[in-house]
Amino acid sequence: MKTNNTANSAANSAAKTGHERTGVRRGRTRNDARHDKTKNEKIKIIPLGGLEQIGMNITCIEYEDNIIVIDCGLAFPTDDMLGIDLVIPDITYLKDNISKVKGFVITHGHEDHIGALPYVLKDVNVPVYATKLTMGIIEHKLKEHNMMKSTKRRVIRHGQSINLGCFRIEFIKTNHSIADATALAIYTPAGIIVHTGDFKIDYTPVFGDRIDLGRFAELGKKGVLALMCDSTNAERPGFTQSERTVGRQFDHIFNEHQKNRLIIATFASNVDRVQQIINTAYKFGRKVIVEGRSMVNIISIAQELGYINIPDKTLIELDQMKNYPPEQIVLITTGSQGETMAALSRMAASVHRKVSIVPGDTVVFSSNPIPGNEKAVSNVINELYMKGAEVIYQDTHVSGHACQEDIKLIYALTQPKFAIPVHGEFRHLKAHAELAQMMGVEKDHIIVMESGDVLELSSDSAKITGKVHCGDVMVDGLGVGDVGNIVLRDRQLLSQNGLLIVVITLEKYTNQILAGPDIVSRGFVYVRESETLMEDARHVVSQALENCLSHRCSDWGKIKNVVREALGDYVWKQTKRSPMILPIIMEVE
């Protein structure tokens, strides 16, 4: 009955728009499944982020005057983005086509899929559609930005469909490292596009139902035009382990460390992982403390919405820790990625106000380092060891992403005509492309895209036809987009070689030197130990300045350039360094 209802809904919706959306009837082969009208219809798929990188996932699907946007995530700054807090996608294309945008459809509640919403919705204020827990996390962000009243939201259940313009989007239950993850079946005028979101196949999930493989199979029988599938673990062979395997490892750790205080670091959003830690703590009679702002927020939301079950009198406040012996305490904390300001990092650095690491503590890292975070994690582990703690960081984590055999299963069930790998660096996308070919997708039907590419997709062709503007927008404090490559370059120069400030005072009208030049060093050399260098530098600037003024040069811009070049050349010859040089000219009567 479910399939018939879905088909009837699709047919009624198609009649309203004048397009055959699914074009499917049972008994027809996959190649003949689509209605003749779909042959000339072309859909545009435009990723504005999320390709060739981990994070900042956002993809547009467009047909004529209709655009839907899948996810709206952020990325965390790389080491060379000095002082930057967050990186969000450049949505110039959406702003230029705002009249076409029908809504944001969100697959799950991780930061790399929802984190940019509060920033983007200020410019593209359209409805947001998501499942219950995902919407709860989004609403918490909107409250922080005072955007609850201005943002339309709708909670969607798995198995439910919504109509946005000419598209119908069906939400399909999947598993991931956060509850309520969903795949999307997008019924378009050209055919069905399946977007898996981030997913894994977990036959024994900690919370809720297992992935709806049956629905993927039904869509495969209808005829899937294109599969946009998660590539994060495309290089890893085998199946992704069930989340429950971590629970058994926790049982072993708790049993082996019954006389130690336990501190367990994991991702704040991994509610199922936190649930298993709480279950094991309750089994061993321990009290649980949740520490770290993001961890407290998400657990509070999950508990309020019924996605986590905490037995009575198990959870206590951090201030109550002193009332219990260490062996009765479990701290669940943020900082599994070595983030400088996260709770565990502050504990390891002895700057946490209420928790100090002491000999006998056992610290568990229940995560794998995200690429690029390995050094930071290693530093925290070393600091913990130096304080006498035992550190466990192996066999305490399973991935939330599909490995090769899981990906193959989705291909076997959906049998897509075209394969479009998503979510991952280029090497992940290429590995995914090889898997798709192995599963019978024709080589020229596998499209590895870059962010900004415009893919035109019809029932019998797929071709990249152009490129739209995309890129990174950096968030620094309250500033969004006011820091660009030039500012970053200046910050890098300052961090590497320091700053020299040259102060000159000139008489008005005559341009006679009244004072200076004085040179102030910041981050370049310690002046007291480099007096000769600084005095010689001052002499070089004086000569350059006098030479410039003797030629009756009154252009301050030119004077500054002469000073900058003369001092820069001298400093390079003497030190092989290139500090930023900032000439300041003051004028007095």
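The values are calculated or read from the model by the stated rules, or taken from the named source; none is laboratory data. On a predicted model such as this, the values are computed, not experimentally measured, just so you know. Quick reminder, even Gly has a Cβ in these numbers, built from the backbone with ideal geometry, and neighbours come from all protein chains shown.
Of (1) of a type in the set (Gly, Ala, Ser); (2) within 16 Å of His195 (Cα to Cα); (3) at pLDDT below 95, Ala436 satisfies all except one. Which?
So Ala436 meets the others, but not (3).
Could you please find all residues in segment 347-379 being part of a helix (DSSP H, G or I) and touching a residue at least 60 places away in the same chain (Cβ under 8 Å)?
Once the filter is applied, which keeps residues that are part of a helix (DSSP H, G or I) and touching a residue at least 60 places away in the same chain (Cβ under 8 Å), segment 347-379 yields only Met347.
Of everything in segment 200-217 that's within 17 Å of Phe239 (Cβ to Cβ) and among the aromatic types (Phe, Trp, Tyr), which residue is surrounded by the most Cβ atoms within 10 Å (Cβ to Cβ)?
Ranking the qualifying residues of segment 200-217, first place goes to Phe216.
Restricting attention to segment 546-579, which residues are at pLDDT 80 or above, closer than 19 Å to Gly516 by Cα and either among the hydrophobic types (A, V, I, L, M, F, W, C) or surrounded by 15 or more Cβ atoms within 10 Å (Cβ to Cβ) (or both)?
Answer for segment 546-579, where residues must be at pLDDT 80 or above, closer than 19 Å to Gly516 by Cα and either among the hydrophobic types (A, V, I, L, M, F, W, C) or surrounded by 15 or more Cβ atoms within 10 Å (Cβ to Cβ) (or both): Lys560, Val562, Val563, Arg564, Ala566, Leu567, Gly568, Tyr570, Val571.
Please note which strands (runs of 3 or more DSSP E) are completely contained in segment 380-472 and include at least 2 residues that are buried (at least 22 other Cβ atoms within 10 Å of the Cβ).
Hits in segment 380-472: none.
Out of curiosity, is Ser336 assigned to a loop (DSSP other than H, G, I, E, B), among the hydroxyl-bearing types (Ser, Thr, Tyr) and surrounded by 21 or more Cβ atoms within 10 Å (Cβ to Cβ)?
It is true that Ser336 is assigned to a loop (DSSP other than H, G, I, E, B), among the hydroxyl-bearing types (Ser, Thr, Tyr) and surrounded by 21 or more Cβ atoms within 10 Å (Cβ to Cβ).
Quick one: Asp472 ticks every box in (1) modelled with pLDDT under 95; (2) in contact with an Asp or Glu (Cβ under 6 Å, 6 or more places away or on another chain) bar one, so which box is it?
Condition (2) is where Asp472 drops out.
Would you confirm whether any residue within segment 297-312 is free of Cβ contacts under 8 Å to residues at least 40 places away in the same chain and under 25 Å from Asn379 (Cβ atoms)?
So far as segment 297-312 goes, no, none of its residues is free of Cβ contacts under 8 Å to residues at least 40 places away in the same chain and under 25 Å from Asn379 (Cβ atoms).
Going by the structure shown, is Tyr187 assigned to a loop (DSSP other than H, G, I, E, B) and of a type in the set (Ser, Thr, Tyr)?
no
Give the residue that is modelled with the lowest pLDDT, with candidates limited to residues of segment 377-414 that are of a type in the set (D, E, K, R) and out of contact with any Phe, Trp or Tyr (no Cβ under 8 Å at 6 or more places or on another chain).
Asp395
If Lys287 satisfies all but one of (1) at pLDDT 95 or above; (2) in contact with a Leu (Cβ under 9 Å, 6 or more places away or on another chain); (3) under 25 Å from Gly109 (Cα atoms), what's the number of the condition it fails?
(3)
Please go through (1) in contact with a Ser or Thr (Cβ under 9 Å, 6 or more places away or on another chain); (2) among the charged types (D, E, K, R); (3) at pLDDT 95 or above for Glu52 and return the number of the only condition it doesn't satisfy.
(3)
Could you tell me whether Asp65 is surrounded by fewer than 19 Cβ atoms within 10 Å (Cβ to Cβ), of a type in the set (Asp, Glu) and at pLDDT 85 or above?
Judged against the criteria, Asp65 is a match.
Looking at segment 522-545 only, could you name the residues that are assigned to a strand (DSSP E or B) and at pLDDT 80 or above?
Once the filter is applied, which keeps residues that are assigned to a strand (DSSP E or B) and at pLDDT 80 or above, segment 522-545 yields nothing.
Looking at (1) among the basic types (Lys, Arg); (2) more than 19 Å from Ala185 (Cα to Cα); (3) in contact with a Lys or Arg (Cβ under 8 Å, 6 or more places away or on another chain), which is the only condition Lys417 fails?
Going through the list (1) among the basic types (Lys, Arg); (2) more than 19 Å from Ala185 (Cα to Cα); (3) in contact with a Lys or Arg (Cβ under 8 Å, 6 or more places away or on another chain), Lys417 breaks only (2).
Against the definition (of a type outside the set (Lys, Arg), out of contact with any His (no Cβ under 7 Å at 6 or more places or on another chain) and assigned to a helix (DSSP H, G or I)), how does Glu170 come out, yes or no?
Taking the combined requirement at face value, the residue does not satisfy it.
For segment 574-589, give me the residue count where each residue is in contact with a helix residue (DSSP H, G or I) (Cβ under 7 Å, 6 or more places away or on another chain) and touching a residue at least 60 places away in the same chain (Cβ under 8 Å).
Of the residues in segment 574-589, 7 are in contact with a helix residue (DSSP H, G or I) (Cβ under 7 Å, 6 or more places away or on another chain) and touching a residue at least 60 places away in the same chain (Cβ under 8 Å).
Condition first: among the aliphatic types (A, V, I, L, M) and either outside the structural domain of Gly73 (by TED's automatic domain parsing) or over 25 Å from the mean Cα position of the chain (by Cα) (or both). Can you find one or more residues in segment 185-200 that meet it?
Within segment 185-200, one or more residues are among the aliphatic types (A, V, I, L, M) and either outside the structural domain of Gly73 (by TED's automatic domain parsing) or over 25 Å from the mean Cα position of the chain (by Cα) (or both).
If you check Lys417, Lys354, which single one turns out to be basic (Lys, Arg), farther than 22 Å from Thr240 by Cβ and modelled with pLDDT of 95 or more?
Lys417
For (1) farther than 26 Å from Pro47 by Cα; (2) surrounded by 24 or more Cβ atoms within 10 Å (Cβ to Cβ), each residue gets a yes or a no:
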residue	(1), (2)
Pro189	no, yes
Ala226	no, yes
Thr232	no, no
Gly238	yes, no
Thr245	yes, no
Asp251	yes, no
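Being touching a residue at least 40 places away in the same chain (Cβ under 8 Å) and either out of contact with any Gly (no Cβ under 9 Å at 6 or more places or on another chain) or not in a strand (DSSP E or B) (or both) narrows it down to one residue among Asp251, Asp202; which is it?
Asp202
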